[in-house]
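Each reported figure results from applying straightforward, stated rules to the coordinates on display, with no laboratory input. None of these values were measured; they are calculated from a predicted model. When we count neighbours, we look across all protein chains shown, and the Cβ atoms used for this are built from the backbone with ideal geometry, even at glycine.
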Amino acid sequence: MPESFATDSRTVRAALVRQFRRARQLGITSTMYDENAPTKDRKFVTALARGLEVLRAFQPGDGFLGNQEIARRTGLPKATVTRLTYTLTQLGYLTYSSRLERYQLGSGVLALGYATLANYGIRQVARPYMQVMADELDCAVSLGTRERLTMLYLESCRGSGAVTLRLDVGSRIPIATTAMGRVFLAALPEGERDYLMGHIKNRAGSEWHTLRRQLEEAFDHYHRYGYVKTVGEWERDVNSIGVPLVQAGNGDVFAFNCGGPSFLLPEERLESELAPRLKQLVADVQSALNRL
């Protein structure tokens, strides 16, 4: 291998490791770069990966971001970010405000997002069942899948009077501390779960001992009762339950949850009322998918 290529590989790896560590320090849960990954993958396009990291830097509610903030969130050099944001703007994935001298996500990203959601047939099947449960129990019911170390909301339904967190399609919540995330992990094949647990351990740092115990208890609860519950573990005054759906044939895992303020959803109600209904909802959705 030429010396120049070896030097470039080491430089790229060092930059990506710095990016990973910086993002972890900032609490950016979308970063999943593996510090122990092979360093000589000629098929890996670093420029493309960096461009996608720029797009991932935008979170719901952010509005406009400047190059400096994007660089801080991604760990990339500002000069690199400047070139990437210019390119992404030319392609329609970002839009630029000359008045603010900042960027926001453009219609190109929106088009990709709608195309992705349209390909999740489970959304169309599940939504009527979710809305019925939300209306009858006056609660919020959501469907999600994994996006790195978060759970991404694919669908969300609320009852007309539901007082709950306003988490809509596209919202992301932690995978390790929420009922939706924990039940997703519990339903994964062991190898995939172990892989993600390794990343969660790296992310948790000194909190890993407590978090691992909570996760193991959640996995045991799922195998005993078919659902996972969190009582004030993600947010102090929020309780939730989660039930997974594993699609027949391809084995894709999705997770449903029902959650809200603890004064409306005390632990007793989670166990006696919401858990049986959510398990039945998942069974109904699974049956409907099998008929397609």
Here the Cα Rg-to-2.2 N^0.38 Å ratio for the stretch 43-98 is 1.06
Amide H contacts of Thr177 (H built 1.01 Å from N, under 5 Å, at least 5 apart or other chain): none
Using amide H atoms built in the peptide plane, which far-off residues or other-chain residues are under 5 Å from Cys139 H to H? Gly159
The stretch 60-105: which trypsin sites (Lys or Arg not before Pro) are DSSP loop and have at most 16 other beta-carbon atoms within 10 angstrom? Arg99
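Going by the alpha-carbon gyration tensor, a ≥ b ≥ c the square roots of its eigenvalues, is the stretch 120-291 rounded (a/c under 1.5) or, if a/c is not under 1.5, prolate (a/b greater than b/c) versus oblate?
Note, shape of the stretch 120-291 comes out oblate.
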I'd like the chymotrypsin sites (Phe, Trp or Tyr not before Pro) in the stretch 208-288 restricted to DSSP loop residues with at most 11 other Cβ atoms within 10 Å, sorted by number. Phe263
For the stretch 119-159: rounded, prolate or oblate by the Cα gyration tensor [a/c cutoff 1.5]: oblate
Show me the trypsin sites (Lys or Arg not before Pro) within the stretch 218-292 that DSSP assigns to loop and that have at most 16 other Cβ atoms within 10 Å of their Cβ. Arg236
